[in-house]
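This report refers to the structure that appears directly beneath it.
The values are calculated or read from the model by the stated rules, or taken from the named source; none is laboratory data. Keep in mind that this is a model prediction, so the values were computed, not measured. Don't worry about glycine lacking a Cβ; one is built from the backbone with ideal geometry, like all the others, and counts go over all protein chains shown.
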């Protein structure tokens with residue numbers, strides 16, 4: 001599924017399997033917004049796997065999740081997330097975070 005947010009084209013993957021399909025389909029996205037709680041996987045494990053993958057290790061990743069708490073934020077950042085946004089969030093915060101991360105990528 002493709003949508004638009006803040007002038008960015010967005011591809012959606014509803015879970016780990018769809019994400020694998022999207023990432024394996026060719027052109028990589030400029031940034032990945034990753035939830036921790038996926039119906040078929042754990043976002044922390046996916047992030048760790050991305051950081052170990054030679055072609056995906058430098059892909060900017062922002063965690064966008066309902067999972068709060070200092071330990072979870074710390075874990076995401078230690079695993080290599082470039083940002084961590086908790087729900088509820090505003091579209092403005094998401095777009096500003098995307099811009100900031102891409103500016104430094």
- prompt: Restricting region 62-73 to residues that are out of contact with any strand residue (DSSP E or B) (no Cβ under 6 Å at 6 or more places or on another chain) and part of a loop (DSSP other than H, G, I, E, B), which is farthest from residue 35 (Cα to Cα)?
  reply: 69
- prompt: Of all residues in region 14-34, which are closer than 20 Å to residue 97 by Cα and surrounded by fewer than 17 Cβ atoms within 10 Å (Cβ to Cβ)?
  reply: 28, 29, 30
query: Just checking, which of 59, 50 is assigned to a loop (DSSP other than H, G, I, E, B), surrounded by 17 or more Cβ atoms within 10 Å (Cβ to Cβ) and either touching a strand residue (DSSP E or B) at 6+ places or on another chain (Cβ under 9 Å) or free of Cβ contacts under 8 Å to residues at least 60 places away in the same chain (or both)?
result: 59
message: Here are the criteria: (1) at negative phi; (2) surrounded by 13 or more Cβ atoms within 10 Å (Cβ to Cβ); (3) within 13 Å of the chain's Cα centre (by Cα). Tell me which single one residue 80 does not satisfy.
response: (1)
- prompt: Of the residues that sit in region 50-82 and are out of contact with any helix residue (DSSP H, G or I) (no Cβ under 8 Å at 6 or more places or on another chain) and under 19 Å from residue 102 (Cβ atoms), which one is modelled with the lowest pLDDT?
  reply: 55
field: Search result, residues across region 74-98 that are assigned to a helix (DSSP H, G or I) and touching a residue at least 12 places away in the same chain (Cβ under 8 Å)
entry: 75, 76, 91, 94, 95, 97, 98
task: Go through 12, 47 for me and flag whichever is modelled with pLDDT under 95 and in contact with a helix residue (DSSP H, G or I) (Cβ under 9 Å, 6 or more places away or on another chain).
output: 12
Residue count, region 13-35 (criterion: farther than 23 Å from residue 104 by Cβ and touching a strand residue (DSSP E or B) at 6+ places or on another chain (Cβ under 7 Å)): 3
message: Of everything in region 8-44, what is touching a residue at least 40 places away in the same chain (Cβ under 8 Å) and assigned to a loop (DSSP other than H, G, I, E, B)? Give them in sequence order.
response: 30, 31, 36
message: Against the definition (in a helix (DSSP H, G or I), modelled with pLDDT under 95 and either in contact with a helix residue (DSSP H, G or I) (Cβ under 9 Å, 6 or more places away or on another chain) or surrounded by 11 or more Cβ atoms within 10 Å (Cβ to Cβ) (or both)), how does residue 101 come out, yes or no?
response: no
statement: The lone condition residue 4 fails out of (1) modelled with pLDDT of 95 or more; (2) in a strand (DSSP E or B) is (1)
